[in-house]
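> My questions all concern the structure below.
The values are calculated or read from the model by the stated rules, or taken from the named source; none is laboratory data. Predicted, not measured: the structure shown is a model, and the values here were computed from it. Cβ atoms come from the backbone with ideal geometry, glycine included; neighbour counts cover every protein chain shown. Keep in mind that these areas ignore ligands, DNA and RNA; they rest on the heavy atoms of the full protein, side chains included. Shrake-Rupley method; radii C 1.70, N 1.55, O 1.52, S 1.80 Å.
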Amino acid sequence: MIGRWIALVVTSLFFGIAHLGNLGATIWSAVAIVIQAGILLGSAFLWRRSLWFVIGIHFAWNAIEGLLGIPVSGHPSTGLFSAKVTGPFLLTGGDFGIEASVVPVIISLLLAIPMLILSKTN
């Protein structure tokens, strides 16, 4: 009802704000979640028009992180491995986990842009 671009912005901002209360959250981690969860998943929905497609992507992301023992949005996980990520915050995401890293932000944008372009033809 409000248009696809406004809906994408609103839901993306909601995702970022919803994760601000998590352990290790920062303004940057919220921005990263806005891009990764909000824009990427919103683009996936606009492209495929399937909530199940989006749920599958979100589940797969969290499950893989958890299985690898990487914190999921600030929540520690005990997976198949015990991971201790070290290095600069922008590359590792610190205590929040890899989601606060610039690497998945870039990858998410590289995936979201084609989906947004393809969604125009739907």
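> Can you tell me which residue in the range 43-63 is farthest from Ala18 (Cα to Cα), limited to those that are open to solvent by less than 40 Å² (accessible area, probe 1.4 Å) and in contact (Cβ under 8 Å) with a residue 60 or more places away in the chain?
Leu46
> Right, something else. When you go through (1) touching an Asp or Glu at 6+ places or on another chain (Cβ under 8 Å); (2) open to solvent by 30 Å² or more (accessible area, probe 1.4 Å) one by one for Leu111, which number turns out not to apply?
Every listed condition holds for Leu111 apart from (1).
> Could you say which residue among Ala83, Ala37, Ala44 is under 22 Å from Leu118 (Cα atoms) and modelled with pLDDT under 95? Don't jump to the end; show me each part of the working.
Numbers: Ala83 fails: under 22 Å from Leu118 (Cα atoms); Ala44 fails: modelled with pLDDT under 95.
Criteria check complete, one pass: Ala37.
> Leu23 passes all but one of (1) assigned to a loop (DSSP other than H, G, I, E, B); (2) under 27 Å from Arg4 (Cβ atoms); which number fails?
Exception for Leu23: condition (2).
> In the range 64-78, what residues are closer than 28 Å to Met115 by Cβ and either β-branched (Val, Ile, Thr) or surrounded by 15 or more Cβ atoms within 10 Å (Cβ to Cβ) (or both)?
Result: Ile64, Glu65, Gly66, Leu68, Ile70, Pro71, Val72, Ser73, Gly74, Ser77.
> Looking only at the range 84-94, which residues are closer than 20 Å to His19 by Cβ and small (Gly, Ala, Ser)? Steps first, please.
First, the residues of the range 84-94 that are closer than 20 Å to His19 by Cβ: 85, 89-94.
Of everything in the range 84-94, those that are closer than 20 Å to His19 by Cβ and small (Gly, Ala, Ser) turn out to be Gly93, Gly94.
> Here is a check on your reading of the model: is Ala7 hydrophobic (A, V, I, L, M, F, W, C), surrounded by fewer than 18 Cβ atoms within 10 Å (Cβ to Cβ) and modelled with pLDDT under 95? First the steps, then the outcome.
On the way: hydrophobic (A, V, I, L, M, F, W, C): yes; surrounded by fewer than 18 Cβ atoms within 10 Å (Cβ to Cβ): yes; modelled with pLDDT under 95: yes.
Spelling it out, Ala7 is indeed hydrophobic (A, V, I, L, M, F, W, C), surrounded by fewer than 18 Cβ atoms within 10 Å (Cβ to Cβ) and modelled with pLDDT under 95.
> Can you report the number of residues in the range 79-93 which are in a helix (DSSP H, G or I) and either of a type in the set (Asp, Glu) or crowded, with 20+ Cβ neighbours inside 10 Å (or both)?
Taking the range 79-93 and keeping what is in a helix (DSSP H, G or I), we get 89-92.
Those left that are additionally either of a type in the set (Asp, Glu) or crowded, with 20+ Cβ neighbours inside 10 Å (or both): none.
Here the count works out to 0.
> Additional query: Is there a residue in the range 2-14 that is out of contact with any Pro (no Cβ under 7 Å at 6 or more places or on another chain), in contact (Cβ under 8 Å) with a residue 40 or more places away in the chain and not hydroxyl-bearing (Ser, Thr, Tyr)? Please lay out each step first, then the result.
First, pick out the residues of the range 2-14 that are out of contact with any Pro (no Cβ under 7 Å at 6 or more places or on another chain): 2-14.
Okay, now just the ones that are also in contact (Cβ under 8 Å) with a residue 40 or more places away in the chain, so 4.
From the residues that got through so far, the ones that are not hydroxyl-bearing (Ser, Thr, Tyr) too are 4.
Yes: the range 2-14 contains one or more residues that are out of contact with any Pro (no Cβ under 7 Å at 6 or more places or on another chain), in contact (Cβ under 8 Å) with a residue 40 or more places away in the chain and not hydroxyl-bearing (Ser, Thr, Tyr).
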